[in-house]
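Derivation of every value follows stated rules applied to the coordinates shown; laboratory data play no part. Just so we're clear, the structure is a prediction, and the values are computed from it rather than from any experiment. Ideal geometry is used to build each Cβ from the backbone, glycine not excepted, and the neighbour counts take in all protein chains shown.
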Amino acid sequence: MSTSRWVSASLPYLTPREKGQGDAWGAEAAARGARGTQRIVHAGEVPAPGEVAALLGIAEGQPVVVRRRLIHLDDRPNELTDTYYPLAIAQGTALARTAKIPGGAVTLLAELGHVGVLVTEDVVAGMPDEEERRTLETAPDEPVLRLTRLTVDRDDRPIQVDRMVMPALRQRLRYQIRIG
């Protein structure tokens, strides 16, 4: 499958999976005749960057748990994703370790009693830094999309912040909104 025609929707990544199901990315890629894999390059406590701290409602530099992943589509780098969790939610859980989580992190969050009910996404285009360009294997003049997603629970408590970087020329983001 040509990655230049890849259309991505957020909903599958926000919905807990049934027992025995793999992660949403692998399932989405397989349904389209492709192979979606991911490698967790780091997991553990870090000081919260300013934007993440603001979204989580904590002070900049306070500890949070991050999972840093490199996402591949048919063995080609497709996305860099850093997902941040409040320490109270993720400390001491599989979210703070590099092992894959059966069904994905959203499924584990639900098992821990943290279910997202409202998601806010912001998308901006820009140029990658040198490390992003190298990792994503983009051309020197190729822009990226930066998507920041905040997920909150039914009590309006932030449970997760995702920061994604994707080659803009290989992506199309699709949003469906049902009103009423």
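Computed quantities for the displayed model
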quantity: Within the stretch 66-79, tally of residues that are over 20 Å from A94 (Cα atoms), under 11 Å from the mean Cα position of the chain (by Cα) and not acidic (D, E); calculated: 0
quantity: Cβ pairs under 9 Å, 6+ apart, first in the stretch 119-130 and closer than 11 Å to D162 by Cα, second aromatic (F, W, Y); calculated: E121/Y175
quantity: Residue tally, condition in contact (Cβ under 8 Å) with a residue 40 or more places away in the chain and assigned to a helix (DSSP H, G or I), over the stretch 100-110; calculated: 5
quantity: Positions within the stretch 72-100 being of a type in the set (V, I, T) and either surrounded by 19 or more Cβ atoms within 10 Å (Cβ to Cβ) or over 20 Å from V46 (Cβ atoms) (or both), in sequence order; calculated: T81, T83, I89
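Yes/no matrix, rows are residues, columns are (1) surrounded by 18 or more Cβ atoms within 10 Å (Cβ to Cβ); (2) assigned to a strand (DSSP E or B); (3) touching a Phe, Trp or Tyr at 6+ places or on another chain (Cβ under 7 Å); (4) not charged (D, E, K, R):
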| position | (1), (2), (3), (4) |
| --- | --- |
| V119 | no, yes, no, yes |
| E131 | no, no, no, no |
| E142 | no, no, no, no |
| L147 | yes, yes, no, yes |
| L150 | yes, yes, no, yes |
| Q160 | yes, yes, yes, yes |
| M166 | yes, yes, no, yes |
| L173 | no, yes, no, yes |
